[in-house]
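The values are calculated or read from the model by the stated rules, or taken from the named source; none is laboratory data. As the structure is a prediction and not an experimental result, all values here were calculated from the model. We place every Cβ from the backbone using ideal geometry, glycine too, and count neighbours over all the protein chains shown. In case anyone asks, the SASA skips ligands and DNA or RNA and just uses the protein heavy atoms, side chains included. Shrake-Rupley method; radii C 1.70, N 1.55, O 1.52, S 1.80 Å.
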Amino acid sequence: MDLELSGNVAVVAGAARGLGHAIAAALVAEGARVAMLDVSPDVKTAAEQLAQGSGGQTAGPSAQGWTVDVTDYAAVERVADEIRSRFGPVEHVLFAVAIGSGKFGMPFWKLHPDDWERVLRINLLGAANVAHAFAPALAEARRGTMLFLGSVAGQNGSQTDPPYSASKAGLINFAQCAAKDLAPYGVRVNTLNPGMVQTALNRSVWQAWADRQPADQRRSYEEWTADKIRQLVPLNRWQTPEDIAAMAVFLASRRAQNVTGQTINVDGGFVMHW
């Protein structure tokens, strides 16, 4: 299926590894030119590797990396200007940055209020910073898309990490606000919620749980996740980074031209609305 993304310019924040990297790779495979952002300097190497493997599908480099902290709005604005200078007008903005508190929050008062600030600053305010830096140009061009990676935790009030869950719930709401604001300009905004994906963040949730268990009650990551998938995922299987990336690329394409303001779960049935 030709998604007509060849030559489009996309920005992926959180692209050094994990889901963000999978999305960047999928966009490059579709012929898009991708600006990869991350707080880790590894993003530059990751971009070079994607560009080398793209087979010259686009005029100019297919991927380039920028090291930037999404909580620093002035820095995000500078990078946005550099991307436009390097690649031209941006058509797609994808936010895949996320952290957890690193603690097991059940019940929530076992955490300290100080555990919330950094999570909200990165997961929610970081998304707002990226949106502010790119939305005006999208509106002026009267075309394009924005996509925020949320989480099923933002819909079901997951107790394992309340700061993370709350940040993702806020992100879903912000995306809906942005979708309403940008719709008159022909710009679409959606949220994509992964379910159970084997990422460093997913493993950190298990680690926070395991650290609180008596030695005789601890389970390995594999045992813990297998039980969770059996109990919560009707399709009874992991979701993969490639599953998430496939939906992200589809939502950027014209095939999804009437999809905006939506919260789309790629979760094996984890969250179902009745």
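So the values come out like this:
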| item | result |
| --- | --- |
| Filter result for A252 (more than 19 Å from G154 (Cα to Cα), of a type in the set (A, V, I, L, M) and touching a Ser or Thr at 6+ places or on another chain (Cβ under 9 Å)) | yes |
| Spans of helices (runs of 4 or more DSSP H) in the stretch 114-170 with at least 3 residues over 16 Å from N190 (Cα atoms) and open to solvent by 20 Å² or more (accessible area, probe 1.4 Å) | 114-120, 126-141 |
| Output for the stretch 102-113, where each listed residue is under 19 Å from R203 (Cβ atoms) and open to solvent by less than 30 Å² (accessible area, probe 1.4 Å) | F104, G105 |
| Residues that are modelled with pLDDT of 95 or more and on the phi > 0 side of the Ramachandran plot, drawn from the stretch 80-130 | G88 |
| Failed criterion for L201 (all others in (1) within 17 Å of the chain's Cα centre (by Cα); (2) modelled with pLDDT of 95 or more hold) | (2) |
| L235 open to solvent by less than 80 Å² (accessible area, probe 1.4 Å) and of a type in the set (A, V, I, L, M) | no |
| Selection from the stretch 38-66 of residues that are open to solvent by 30 Å² or more (accessible area, probe 1.4 Å), in a loop (DSSP other than H, G, I, E, B) and either on the phi < 0 side of the Ramachandran plot or at pLDDT 95 or above (or both) | V39, P41, G53, Q57, A59, P61 |
| Qualifying residue in the stretch 194-216 (condition: among the hydrophobic types (A, V, I, L, M, F, W, C), farther than 28 Å from G144 by Cα, touching a residue at least 12 places away in the same chain (Cβ under 8 Å) and open to solvent by 80 Å² or more (accessible area, probe 1.4 Å)) | yes |
| Pair list, Cβ < 8 Å and 6+ apart or interchain, from the stretch 235-252 residues that are among the aliphatic types (A, V, I, L, M) to residues that are open to solvent by 50 Å² or more (accessible area, probe 1.4 Å) | V249/E30 |
| The stretch 7-18, subset in contact with a Ser or Thr (Cβ under 7 Å, 6 or more places away or on another chain) and open to solvent by 30 Å² or more (accessible area, probe 1.4 Å), residue farthest from A248 (Cα to Cα) | G7 |
| Selected residue [out of contact with any His (no Cβ under 7 Å at 6 or more places or on another chain), over 22 Å from I23 (Cα atoms) and at pLDDT below 95] from A139, A166, A226 | A226 |
| Given (1) open to solvent by less than 50 Å² (accessible area, probe 1.4 Å); (2) touching a helix residue (DSSP H, G or I) at 6+ places or on another chain (Cβ under 8 Å); (3) not in a loop (DSSP other than H, G, I, E, B), index of the condition I99 fails | (3) |
| Subset of the stretch 66-94 [out of contact with any Gly (no Cβ under 7 Å at 6 or more places or on another chain), under 30 Å from Q257 (Cβ atoms), in contact (Cβ under 8 Å) with a residue 40 or more places away in the chain and not β-branched (V, I, T)] | E77, A80, R84, R86, F87, G88, P89, L94 |
